[in-house]
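Step one of this worksheet: look at the structure below.
A short reminder: the numbers here are calculations on the coordinates, not readings from a lab. Remember, predicted model here, so these are calculated numbers, not experimental data. Quick reminder, even Gly has a Cβ in these numbers, built from the backbone with ideal geometry, and neighbours come from all protein chains shown.
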Amino acid sequence: MTITTQMQPKARAVRKKIERLRLEVVDPKAHRTTTTLQIPDELPNVEEFSKELAGTLKAARMAGLEKIDVQRLQVIATVARRYKEMLVDYFGYRIIERKLVDLEGKYAKSVAEKTKD
């Protein structure tokens, strides 16, 4: 869904907003977004993630940031917070998965022993 279909603003207002955000105007028939998402092969490790977050925090402390820079840093902080929550969930699921596999192995062994008797 585009800005114009959702909010129905005037075309001039949309162009002005695009200029303010310094976005690239693309042909809507050719593309649906102005960004491409690069999905990494592996999850970033905690150290890499912490370094990036520390860099964001340091950048946020700089004086004279423009509004767009502050917005970008806010997005990074929000994504970082969500990533941390998801990482905790991921490790929790991995522990549960490991326990389930262990229990399945014990159950299969128990069934095998009972069928022998």
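With the simple model of a label 7 Å out from the Cα in the direction of the Cβ, residue 14 to residue 112 spans 6.5 nm. Around residue 71, what is the net charge, scoring Lys/Arg as +1 and Asp/Glu as -1 over all other residues with Cβ under 12 Å from its Cβ? Around residue 71, the surrounding residues sum to +2. First select every other residue whose beta carbon is under 15 angstrom from the beta carbon of residue 22; then total the charges, Lys and Arg +1, Asp and Glu -1. Net local charge, residue 22 excluded: +2.
By the rule of a C-alpha distance below 16 Å, with chain neighbours fewer than 8 residues away ignored, the lysines paired with residue 114 are 106. Here's the list of aspartates and glutamates a cross-link from residue 58 could span, going by alpha-carbon distance under 19 Å and ignoring same-chain residues fewer than 8 apart: 47, 48, 66, 69. Electrostatic tally near residue 83: other residues with Cβ closer than 15 Å to its Cβ, Lys and Arg +1, Asp and Glu -1, net -2. Scattering from the range 41-117 was approximated by placing one identical point on each alpha carbon and applying the Debye formula without solvent; log10 I(q)/I(0) at 0.20 1/Å stands at -0.92.
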